[in-house]
Each structure stands twice: as C-alpha cells, then as structure tokens.
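Please read the structure below before turning to the comments.
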Amino acid sequence: MPAPRKYPDEMRDRAIRLVLDIAEEAGSITAGCRRIGEQLGVNTDTLRGWVKQAQIDAGQRPGATTADAARSRQLEREDAELRRANAILRTASAFFAAELDRH
C-alpha cells in the first residue's frame, strides 16, 4: 500500500500552475519553484519534481509519463506473482514426481 500523500492533489496542481505562470518572470523553473515553494510551504526540490513530471505528462519534456510508470509497476507486480506461482508449481511437480517414482 502506498504512503499517504502529504499534499492534496488540488494544492499540487495549483502550485504547478503558479510555477509555470511565473517561470518566465522569475527567470527559470528553479527560481519559480523557490519563490512559490516559500509562499506555499513546499520544499523547492519537491515542487521542482512535480513541475518536471507535469511537463513530462504534457509531452513538453522527455521521460516516462505517470500512466506509463503506473503500468510498469503493475506489470512488475504481476511478473513477480507469476514467478512465485511458477516456483510453487515446480516444487509441487518435483514432489509428486518423487512420490510416483517410489511406487
């Protein structure tokens, strides 16, 4: 189960919009993150990560989108479950083969 989010989604969205709105005025995304982060009480690096991911999701920056990352995590969980099931079946198969050889 994922950890609970420290900041509500509405606050994240608002902070991202504010940073993108003042980025040109501030001179860079980093400066905008610093300024908005201080006003909202959000760590600058946290805010910069939100903005970076929002840009990736919007197609403005290369990288894995949020949906792609979620799908990848889901597939990794399914893969791990299938590997566990295969290991159990291999063990059971070896057990029953040994039982048949005894008779």
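The values are calculated or read from the model by the stated rules, or taken from the named source; none is laboratory data. Note that the structure is a prediction, hence the values are computed from the model and not measured. Counting neighbours? That spans all protein chains shown, and the Cβs are built from the backbone with ideal geometry, glycine included. Areas reflect the complete protein model, heavy atoms only, side chains present, ligands, DNA and RNA absent. Shrake-Rupley method; radii C 1.70, N 1.55, O 1.52, S 1.80 Å.
In a simple Cβ point-charge model (Lys, Arg +1; Asp, Glu -1; nothing else charged), the chain has a dipole of about 200 debye relative to its Cα centre. Among the listed values (i) 83, 26, 18; (ii) 48, 29, 22; (iii) 38, 30, 21, the one matching Cα extents along the principal axes in Å as calculated from this structure is (i). For Asp101, the solvent-accessible surface computed with a 1.4 Å probe is close to 130 Å², ligands and nucleic acids excluded.
The order of Glu38, Glu99, Glu81 by accessible area, most exposed first and with a 1.4 Å probe, is Glu38, Glu81, Glu99. Solvent-accessible surface of protein heavy atoms, probed at 1.4 angstrom with all chains present, puts Ile29, Ile16, Ile88 in the order Ile88, Ile29, Ile16, largest first. Full extension of the chain between Ile22 and Glu10 yields a length gain of 2.5 nm, computed as 0.36 nm times the residue separation minus the alpha carbon distance. Dipole of the chain (Lys/Arg Cβ +1, Asp/Glu Cβ -1, origin at the Cα centre): which of Tyr7, Thr91, Ile29 lies farthest to the positive side? So the residue we want is Thr91. Here the accessible area of the chain is 53 percent carbon and sulfur, with a 1.4 angstrom probe and all protein chains present.
Working note: 222 nm ellipticity from helices only, DSSP H runs with n ≥ 4, each -39,500 (n - 2.57), summed and divided by the residues of the chain, gives -27000 deg cm²/dmol to the nearest 500.
Think of a 1.4 Å ball rolled over the protein heavy atoms: the chain then has 78 Å² of accessible area per residue. Heavy-atom accessible area, probed at 1.4 angstrom with all protein chains present, ranks Thr44, Thr66 as Thr66, Thr44, highest first. A Gaussian network model of the chain, with springs between Cα atoms under 10 Å, assigns the largest mean-square fluctuation among Ala85, Ala54, Ala23 to Ala85.
Given a Förster distance of 35 angstrom, what is the FRET efficiency for Gln55 paired with Arg84, based on the Cβ-Cβ distance and rounded to 0.05? FRET efficiency, Gln55 to Arg84: 0.40.
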